[in-house]
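Peer 1: Before anything else, here's the structure in question.
The values are calculated or read from the model by the stated rules, or taken from the named source; none is laboratory data. Note that the coordinates shown come from a computational prediction; the quantities given were computed from them, not determined experimentally. Heads up, the Cβs are rebuilt from the backbone with ideal geometry, glycines too, and the neighbour counts pull from every protein chain shown.
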Amino acid sequence: MASATQPDVDLVFEGFDTTNEPEDSLHINEHGTTADYTDDYPRELPDMQSDEIIKEVLAKGIDLRLYSQQIEQELQELEHEQLENYEQHESALLELDSEINGCDEVLENMEKLLVNFKSTLGAINNDIQALQSDSLSMSMRLKNRVMAERQLERVIQGVVVPPAAVRVICDGEVNEKYLESLIEVNKRIAYMRVHSKQNRKLRAFQEIQPELDRLCLRASSKIREFLLDKINDLRSLSTNAHVMQASVFVKYRFFNHFLIERHPEAAVEVRDTYIHIMRQYYLDHFEAYQRGLMRLERTVADKADVIGMEEHTGKLSLFGSAKPVVRDKTNVFNLGSRAAILDSSDSRALVLSIAGESADRYTFETLFRSYNLALADNATTEYEFIMQFFVSPKARQKITGSDMARMVFNHIFEPSVRAGELFAKAYLETTYDALGVLLCVRITSQLAGDLQRRRVPVLDSYVNAMNMLLWPRFQAILDSHIESARRLAASHRSKPKVDTQPPAIVRRYAELAASLLRLNIGYNTHVVALSLARLRTEVQGYLTRVAESSADKHAALVYLINSYDLLLTVLYENGFGEREEEVSSWKREFGSTVLAFAESELEKHFGYLKLFVVEAEQQSDIGRVSADGLGRVVAVFNGEWRAQIAAINSSIIQSFSNFRTGTEILHAVLGQLIIYYTRFHSLYDKLLARRAGSSSMPQPVGVQNVMVEIKKYRNNF
């Protein structure tokens, strides 16, 4: 028991200095023996003085030996108390010791169980790893088997032909079911061609290849017969080829694709047969359509319908009598409503059966447009059909596909295109309708744009051929107009007095020029502008020749002004302004002629005033101007100026019936009069200032008075 309490005793005495105890005092050490601290006490006391308890004891002046004995006694008492307390709880401690021992046994058993469990888990882990390895191995074997099964399945599906499909191919009727069976067989043939080199050693490939070849030949033979029979049905003109194409050929286009890939010789035969039949089919239909259109034609112009034709011509009838020819054809030079055909939204060609029932007749450009619409529609339909039927899907993705379609189309449509060219050529050889030809040019341009939007490039040569026919003929017709104006000018003879009304050539030219300008809007074709410039030169030359050949210069100027006014009026009515070269050119001629007319009128009524002003202004010294001459001018002018202004007004009213033109000319003449009279007043003032004090000079009428009088005639027209 002493050993159990010993550590507590040591703790109590630890750190205390006992050097003050008597030499015979003993201390119980950690081994249970006593130790003498008297020798060490003086040595350890300085070190213990830092202890709080020692400091407190020393501060109180307590004897350390007594205090130490007291402490030792207290410790012994405490020890006895602890021993008594231990003895009182001995049974509980023994019971606790027994429980601890029981726990040790339980923990030992648990340790054994856990060790066994750990070893069991290790064995289970090994088993799981083995199972995982087996599972991976089985999964790999299963995957390999599935892959092998799929490959084998593809091989079987690619090689084995269903017996039902074989029976249909060999003995069945060519229809939709035959098409389905042929697609199945074609898949096998395609599979064999792709994989035969890789699997040529397989017995299945070796056995099935000859059978597939024989089946392919049998299918090609039946398809060839079927397609040729359907193509031969197109020989009849009553057959609608487009309906046949949509309902039969496009529906069974795989048949021809099969022949192209599996039996090219049969495909070529089918293609050539189709080309031969459709070539004649389209030619017959277009020629019949041409004949029907020509029965609906309304002739607009003939060789005599030129701007320089004589006013009254005649042709001998069969019996030699002269029959007047009507020259006032409304559509020869005036475009009228003919240009509406270019803005028409109706893309349908004329139907002969419907058009023939009415008495309506059409200008050639309407027939030309109708024929070209029919040609473009049929060409578009045929080209799209060729791309679907005669070009396989593989070739369609290559450039060779479009080349093949173009080749087939050209073979089919070559006669029809040539017939269209001959149709236009036959008309152009006899027509003198420049407006109709230019309308055909614009229709051809629209056709080219429409074909480009449709992405049908096979009629480019036809469009170029039409332009090569139309433009030279248009130029030739305008050359005939130019030549007629030149001949008319050359045949004109001098006359004492010319008719002041515009000649017929002026209105014809004005209407023709306005019509050509309208058809050139948006195109700005240089050929049209150049031809108009040449024609304008000849017409101007004719008008100038007529005016110069007249002995009456006043009437000649009136003739020119009326002609120019008519030209400008027609151009203005058609919506053209001075930005157009045609308008600005005639406007300049009109202005210069009006100025010349104004000078002529002043020469006629106020020639003395004009002559005096011009001669006086040429003098270097105003003093040389004759005062008598000045007085005579003042006297004459003061006496008759009102009457002469009235005479000018009356003359212009008689010469020009156009209100606007007459007013403009009257203002020009009276304006020139004011200019000359103002200059005269300036001369008068200078001469009067030079001769100051002279009272013999007459007083002229004031300029303001003359202007007031002129204002009275402002609105006489």
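Peer 1: Before we move on, is S139 out of contact with any Cys (no Cβ under 7 Å at 6 or more places or on another chain) and modelled with pLDDT under 85?
Peer 2: Numbers: out of contact with any Cys (no Cβ under 7 Å at 6 or more places or on another chain): yes; modelled with pLDDT under 85: no.
So S139 fails the test.
Peer 1: State the number of residues belonging to the range 508-524 that are closer than 16 Å to I477 by Cβ and in contact with a helix residue (DSSP H, G or I) (Cβ under 8 Å, 6 or more places away or on another chain). Working first, answer last.
Peer 2: First, the residues of the range 508-524 that are closer than 16 Å to I477 by Cβ: 508-509, 511-513, 515-516, 519-520.
So of that shortlist, the ones also in contact with a helix residue (DSSP H, G or I) (Cβ under 8 Å, 6 or more places away or on another chain) come out as 509, 511-513, 515-516, 519-520.
Count: 8.
Peer 1: Would you point out which residue out of L237, L293 is buried (at least 16 other Cβ atoms within 10 Å of the Cβ) and either free of Cβ contacts under 8 Å to residues at least 60 places away in the same chain or within 43 Å of the chain's Cα centre (by Cα) (or both)?
Peer 2: Numbers: L237 fails: buried (at least 16 other Cβ atoms within 10 Å of the Cβ).
On inspection, the qualifying residue turns out to be L293.
Peer 1: Next up: With (1) touching a Gly at 6+ places or on another chain (Cβ under 9 Å); (2) closer than 17 Å to R271 by Cβ as the list, and F364 as the residue in question, which single condition is left unmet?
Peer 2: Answer for F364: the failing condition is (2).
Peer 1: A follow-up question, please. Filter the range 584-596 down to residues that are crowded, with 20+ Cβ neighbours inside 10 Å and either free of Cβ contacts under 8 Å to residues at least 12 places away in the same chain or among the aliphatic types (A, V, I, L, M) (or both), then give me how many there are.
Peer 2: Qualifying residue count, the range 584-596: 1.
Peer 1: Just to be sure, is A476 in a helix (DSSP H, G or I), more than 27 Å from the chain's Cα centre (by Cα), under 19 Å from F286 (Cβ atoms) and among the hydrophobic types (A, V, I, L, M, F, W, C)? Before the answer, list the steps.
Peer 2: Values: in a helix (DSSP H, G or I): yes; more than 27 Å from the chain's Cα centre (by Cα): yes; under 19 Å from F286 (Cβ atoms): no; among the hydrophobic types (A, V, I, L, M, F, W, C): yes.
Against the criterion (in a helix (DSSP H, G or I), more than 27 Å from the chain's Cα centre (by Cα), under 19 Å from F286 (Cβ atoms) and among the hydrophobic types (A, V, I, L, M, F, W, C)), A476 does not qualify.
Peer 1: State whether one or more residues within the range 630-651 are farther than 23 Å from Y564 by Cβ, among the polar types (S, T, N, Q) and at pLDDT below 85.
Peer 2: No - not one qualifying residue is present in the range 630-651.
Peer 1: Still on this structure, please answer the following. Return the residues of the range 432-446 that are surrounded by fewer than 22 Cβ atoms within 10 Å (Cβ to Cβ) and either among the polar types (S, T, N, Q) or within 21 Å of A405 (Cα to Cα) (or both); say none if nothing qualifies.
Peer 2: Result: S445, Q446.
Peer 1: Look through the range 144-190, keep the residues that are assigned to a loop (DSSP other than H, G, I, E, B) and at pLDDT 85 or above, and return whichever of them is surrounded by the fewest Cβ atoms within 10 Å (Cβ to Cβ). Spell out how you get there, then give the answer.
Peer 2: Of the range 144-190, the ones assigned to a loop (DSSP other than H, G, I, E, B) are 160-162, 172-175.
Next cut, at pLDDT 85 or above only: 172-175.
Numbers: G172: 16, E173: 9, V174: 20, N175: 11.
In this case the residue turns out to be E173.
Peer 1: So is A529 out of contact with any Gly (no Cβ under 9 Å at 6 or more places or on another chain), touching a residue at least 24 places away in the same chain (Cβ under 8 Å), under 24 Å from T661 (Cα atoms) and assigned to a helix (DSSP H, G or I) or not?
Peer 2: no
Peer 1: What's the number of the condition R262 fails, among (1) within 41 Å of the chain's Cα centre (by Cα); (2) surrounded by 14 or more Cβ atoms within 10 Å (Cβ to Cβ); (3) touching a residue at least 60 places away in the same chain (Cβ under 8 Å)?
Peer 2: (1)
Peer 1: Next question. Among S592, S584, which is the only one that is in a helix (DSSP H, G or I), within 25 Å of L335 (Cα to Cα) and either out of contact with any helix residue (DSSP H, G or I) (no Cβ under 8 Å at 6 or more places or on another chain) or polar (S, T, N, Q) (or both)?
Peer 2: Working: S592 fails: within 25 Å of L335 (Cα to Cα).
The conditions single out S584.
Peer 1: Mind checking which pairs have a first residue in the range 157-186 that is within 14 Å of F226 (Cα to Cα) and a second that is among the hydroxyl-bearing types (S, T, Y) and in a helix (DSSP H, G or I), Cβ under 8 Å, 6 or more apart or different chains?
Peer 2: I169/Y178; I169/S181; G172/Y178; G172/S181
Peer 1: Let me ask you something else. Check whether at least one residue in the range 63-77 is on the phi < 0 side of the Ramachandran plot and touching a residue at least 60 places away in the same chain (Cβ under 8 Å), and report yes or no. Give the derivation first.
Peer 2: Residues of the range 63-77 that are on the phi < 0 side of the Ramachandran plot, as a first pass: 63-77.
From what's left, touching a residue at least 60 places away in the same chain (Cβ under 8 Å): 75.
For the range 63-77, residues on the phi < 0 side of the Ramachandran plot and touching a residue at least 60 places away in the same chain (Cβ under 8 Å): present.
Peer 1: Moving on to the next point. If I482 satisfies every condition in (1) assigned by TED's automatic domain parsing to the domain that holds L435; (2) touching a residue at least 60 places away in the same chain (Cβ under 8 Å) but one, which is the exception?
Peer 2: Here I482 meets the rest and fails (2).
Peer 1: From the set of residues in the range 335-371 that are of a type in the set (S, T, Y) and over 25 Å from L469 (Cβ atoms), which is surrounded by the fewest Cβ atoms within 10 Å (Cβ to Cβ)?
Peer 2: Quick first cut of the range 335-371, residues of a type in the set (S, T, Y) only: 337, 344-345, 347, 353, 358, 362-363, 366, 370-371.
Pick out the ones that are also over 25 Å from L469 (Cβ atoms) and you get 337, 345, 353, 358.
Numbers: S337: 8, S345: 4, S353: 8, S358: 8.
Among those that are of a type in the set (S, T, Y) and over 25 Å from L469 (Cβ atoms), it is S345.
Peer 1: Quick check on my filter: what residues within the range 429-454 are in contact (Cβ under 8 Å) with a residue 60 or more places away in the chain and of a type in the set (D, E, K, R)?
Peer 2: Passing the criteria: D433, R442, D450, R454.
Peer 1: Within the range 448-473, can you find the residues that are among the basic types (K, R) and more than 26 Å from the chain's Cα centre (by Cα)?
Peer 2: Restricting attention to the range 448-473, the residues satisfying the condition of being among the basic types (K, R) are 453-455, 473.
Of everything in the range 448-473, just one residue is among the basic types (K, R) and more than 26 Å from the chain's Cα centre (by Cα), namely R473.
Peer 1: Anything in the range 529-570 that is within 24 Å of A476 (Cα to Cα) and either of a type in the set (D, E) or within 36 Å of the chain's Cα centre (by Cα) (or both)? List them, or say none.
Peer 2: Once the filter is applied, which keeps residues that are within 24 Å of A476 (Cα to Cα) and either of a type in the set (D, E) or within 36 Å of the chain's Cα centre (by Cα) (or both), the range 529-570 yields A529, L530, S531, L532, E538.
Peer 1: Looking at the range 247-267 only, could you name the residues that are closer than 21 Å to A190 by Cβ, part of a helix (DSSP H, G or I) and not small (G, A, S)? It would help to see each step written out before you state the result.
Peer 2: Of all residues in the range 247-267, those closer than 21 Å to A190 by Cβ come to 252-267.
Among the residues that remain, those that are also part of a helix (DSSP H, G or I) are: 253-262, 264-267.
Hits for the range 247-267 are R253, F254, F255, N256, H257, F258, L259, I260, E261, R262, P264, E265.
Peer 1: Are there helices (runs of 4 or more DSSP H) fully within the range 340-442 with at least 3 residues that are within 33 Å of the chain's Cα centre (by Cα), aliphatic (A, V, I, L, M) and under 26 Å from N240 (Cβ atoms)? List them.
Peer 2: By residue number, 364-389, 399-428.
Peer 1: Quickly run through the range 608-630 and pick out the residues that are exposed (fewer than 12 other Cβ atoms within 10 Å of the Cβ) and either touching a Cys at 6+ places or on another chain (Cβ under 9 Å) or assigned to a helix (DSSP H, G or I) (or both).
Peer 2: V614, Q618, G623, R624, D628
Peer 1: Then there is this: Applying the selection to the range 641-684, what residues are closer than 24 Å to A616 by Cα and among the β-branched types (V, I, T)?
Peer 2: I645, V669, I674, I675, T678
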